[in-house]
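Shown next, in structure tokens, is the structure this report addresses.
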């Protein structure tokens, strides 16, 4: 199992989504599902980018989100 960190770009903002999944394909599907659960109306997405991927081992895995770190230039 892997822990994935995605950067999701919409017209008005960029947001981070973190999911755990068995494969890259399943991870992208889970991002869509989590966005549908979070927002009352699913935003029109411009891009979903895989930012980081970490293997979950015996003790777990995690990410540090410091400030608004992004791969998209403003």
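Each reported figure results from applying straightforward, stated rules to the coordinates on display, with no laboratory input. Worth saying up front: this structure is predicted, and the values here are computed from it rather than measured. With ideal geometry, Cβ positions are generated from the backbone for all residues, glycine too; neighbour counts draw on all protein chains shown.
General observations
- Shape of the chain, Cα gyration tensor, a/c cut at 1.5: oblate
- Which of 57, 5 has the fewest Cβ neighbours within 10 Å, and the rest in rising order: 57, 5
- Crossing angle, helix 24-38 versus the chain [Cα axis fit, 0-90 degrees, rounded to tens]: 50
- Take every Cα pair under 8 Å whose residues are at least 6 apart in sequence, average their separation, divide by the length of the chain, and the relative contact order is 40 percent.
- Residue order, fewest to most beta carbons within 10 Å, for 63, 6: 63, 6
- Most mobile listed residue (52, 34, 44) in the chain, GNM with C-alpha springs under 10 Å: 44
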